[in-house]
Amino acid sequence: MRETIKKAFPITIPIMLGYVPLGIGFGLIMANAGYNAAWAFLSSVTIYSGTAQYMAADFLSHGAGLLEIILIIVVMNSRMMFYGLSFLERFNGMGIKKWYMIFSLTDETYAILCTAKAPDGIDEKNFMFCIAFLNQSYWIIGGVIGALFGTVLRINITGVDFIMTALFVVLCMDQWERYKTHEAFWIGLSCSLVMLIVFGADNFKIPALLGILVVLIVGRKGIEKKWAKSQ
């Protein structure tokens, strides 16, 4: 497993550069809300969602109820269900690790797993597990560091959450360069724009994901044929 981690680490460096600073920002917010590093650690281990954790920290600071926060987190993270559908076959045979892979499939981890290939001599399933585990470790480390320093520092972190958006754009560009065909990209963009117009900025995410899923399922064979010919 140590050799697998060594091979997986370089691939996760872009995630580390985004997750650690953003995690620090989250930790600072938790500290400012009156929660110590233990709470930041627990949140990052059990929730592991940047947007949801930032929002939960803000809600906690304003006295929101636990049930209300849980419902919001569930709704916000519902899009992750669609990510898992495309990896059902690849996760089969992973045993108990399969459940961790489903849990840890963030936007950025999903983007990496879509393109990363296990090096020769490295088990693919262990390779995927190490990528997911390293990514969550970066987020946890950042959150704990931020919470520890947040008790003595008062830093203006306005705009720091844009790190995640910038990171995802870079990953998208990397996938664009790796593949000669870009049908999946155009399908995602088109469905998102249509649903944005129809449902508005506050309600388009779930309909867009459903639309993308339907189009990809219906056109899967054609997309796979084009991809195979381009290789």
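The values are calculated or read from the model by the stated rules, or taken from the named source; none is laboratory data. On a predicted model such as this, the values are computed, not experimentally measured, just so you know. Every residue, glycine as well, gets a Cβ built from its backbone with ideal geometry; the counts of neighbours run over all protein chains shown. Heavy atoms of the whole protein, side chains included, go into the accessibility calculation; ligands, DNA and RNA do not. Shrake-Rupley method; radii C 1.70, N 1.55, O 1.52, S 1.80 Å.
Key figures
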item	result
Å² of accessible area per residue within segment 1-60, as computed with a 1.4 Å probe and no ligands counted	46 Å²
Point-to-point label distance, Phe9-Thr151, nm (Cα→Cβ direction, 7 Å offset)	3.0 nm
Thr46-Glu124 pseudo-label distance in nm [points 7 Å out on the Cα-to-Cβ vector]	3.6 nm
Rounded FRET efficiency, nearest 0.05, which uses the C-beta distance separating Asp107 from Ala201 and R0 of 22 Å	0.75
FRET E, pair Glu183, Leu67, Förster distance 35 Å, beta-carbon r, rounded to 0.05	0.25
Added length on full extension, which subtracts the Cα-Cα distance from 0.36 nm per residue, Leu88 to Met1	29.0 nm
Computed E for Ser190/Lys117 - FRET, C-beta separation, R0 30 angstrom, nearest 0.05	0.60
